[in-house]
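K.L.:
If you scroll down you'll find the structure; I have some questions about it.
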Amino acid sequence: MLIEKMLQIDYPDYNFRIRKEKNKELIFDEVRLQWITLTPEEWIRQNFLQYLMQIKKYPKSLLSVEKIISLGELKKRCDIIVYKDNLPWMIVECKEMNVDLKLPVLEQILRYNMGVPVKYLVLTNGRKTFAFELL
């Protein structure tokens, strides 16, 4: 059973490290400690990571970004996994702003939850954010 709640996210001001290289913009990911191509989805992911670290006070040691999970024979990547008591606790799926958070996106994160069971699922496109508690 899922309990859904729409969240109001107030993203913190943050001076992102952005650089240009070979006609591509890159952003420094403080969790992965590497430069990542700045796509519209990556922009949402980086802002949500700052929200988790600055506003919600999760230490980056409890965050995993683009973690590979196995779903049978398939390998998929979770945008963000938050850990609690050394166990996966929450999965966050980030989409670019123009992607509607409809059933296919929910189905995607539910499949991830089959490979990595958690208590909370979060979907965000930067404008809208939905949280689901699994009972």
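K.L.:
Of these, Leu71, Leu87, which one is at pLDDT 95 or above, more than 18 Å from Arg45 (Cβ to Cβ), of a type outside the set (Asp, Glu) and out of contact with any Asp or Glu (no Cβ under 7 Å at 6 or more places or on another chain)? Spell out how you get there, then give the answer.
P.N.:
Details: Leu71 fails: at pLDDT 95 or above.
The unique qualifying residue is Leu87.
K.L.:
A further question on this structure: Out of the residues in the stretch 90-108 meeting the condition of being open to solvent by less than 30 Å² (accessible area, probe 1.4 Å) and aliphatic (A, V, I, L, M), tell me which one is modelled with the lowest pLDDT.
P.N.:
Val105
K.L.:
So which pairs qualify, if the first residue must be in the stretch 1-19 and in contact (Cβ under 8 Å) with a residue 60 or more places away in the chain and open to solvent by less than 80 Å² (accessible area, probe 1.4 Å), the second must be in a strand (DSSP E or B) and of a type in the set (Val, Ile, Thr), the Cβ gap must be under 6 Å, and the two must be at least 6 apart or on different chains?
P.N.:
Listed pairs, sorted by first residue: Leu7/Thr129; Ile9/Thr129.
K.L.:
Let me ask you something else. May I ask you to verify whether Leu101 is in contact (Cβ under 8 Å) with a residue 24 or more places away in the chain, at negative phi and under 13 Å from the mean Cα position of the chain (by Cα)? Explain how you work it out, then say what you get.
P.N.:
On the way: in contact (Cβ under 8 Å) with a residue 24 or more places away in the chain: yes; at negative phi: yes; under 13 Å from the mean Cα position of the chain (by Cα): no.
No.
K.L.:
When you scan the stretch 109-126, how many residues do you find that are open to solvent by 50 Å² or more (accessible area, probe 1.4 Å) and modelled with pLDDT under 95? Even if it seems obvious, please write down each step before you answer.
P.N.:
Taking the stretch 109-126 as the starting set, the residues that turn out to be open to solvent by 50 Å² or more (accessible area, probe 1.4 Å) are 110-111, 114, 117, 119-120.
Next cut, modelled with pLDDT under 95 only: 110-111, 114, 117.
Of the residues in that region, 4 qualify.
K.L.:
Follow-up. Could you say whether any residue in the stretch 63-77 is in a helix (DSSP H, G or I), in contact with a Cys (Cβ under 7 Å, 6 or more places away or on another chain) and open to solvent by 40 Å² or more (accessible area, probe 1.4 Å)?
P.N.:
Of the stretch 63-77, the ones in a helix (DSSP H, G or I) are none.
Scanning the stretch 63-77, I find no residue that is in a helix (DSSP H, G or I), in contact with a Cys (Cβ under 7 Å, 6 or more places away or on another chain) and open to solvent by 40 Å² or more (accessible area, probe 1.4 Å), so the answer is no.
K.L.:
Kindly indicate which of Ile27, Ile44 is in contact with a Gly (Cβ under 7 Å, 6 or more places away or on another chain), surrounded by 15 or more Cβ atoms within 10 Å (Cβ to Cβ) and of a type in the set (Val, Ile, Thr).
P.N.:
On the way: Ile27 fails: in contact with a Gly (Cβ under 7 Å, 6 or more places away or on another chain).
One residue alone meets the criteria, Ile44.
K.L.:
Give the stretch 17-56 a look and list any residue that's closer than 18 Å to Leu123 by Cα, part of a helix (DSSP H, G or I) and not aromatic (Phe, Trp, Tyr), or say none.
P.N.:
Filtering the stretch 17-56 down to residues closer than 18 Å to Leu123 by Cα leaves 39-53, 55-56.
Now drop any that are not part of a helix (DSSP H, G or I), which leaves 40-53, 55.
Of everything in the stretch 17-56, those that are closer than 18 Å to Leu123 by Cα, part of a helix (DSSP H, G or I) and not aromatic (Phe, Trp, Tyr) turn out to be Pro40, Glu41, Glu42, Ile44, Arg45, Gln46, Asn47, Leu49, Gln50, Leu52, Met53, Ile55.
The values are calculated or read from the model by the stated rules, or taken from the named source; none is laboratory data. Keep in mind the model is a prediction, meaning the values are calculated, not measured. Positions of Cβ are backbone-derived with ideal geometry, glycine not excepted, and every protein chain shown enters the neighbour counts. Surface areas here come from the heavy atoms of the whole protein model, side chains and all, with no ligands, DNA or RNA. Shrake-Rupley method; radii C 1.70, N 1.55, O 1.52, S 1.80 Å.
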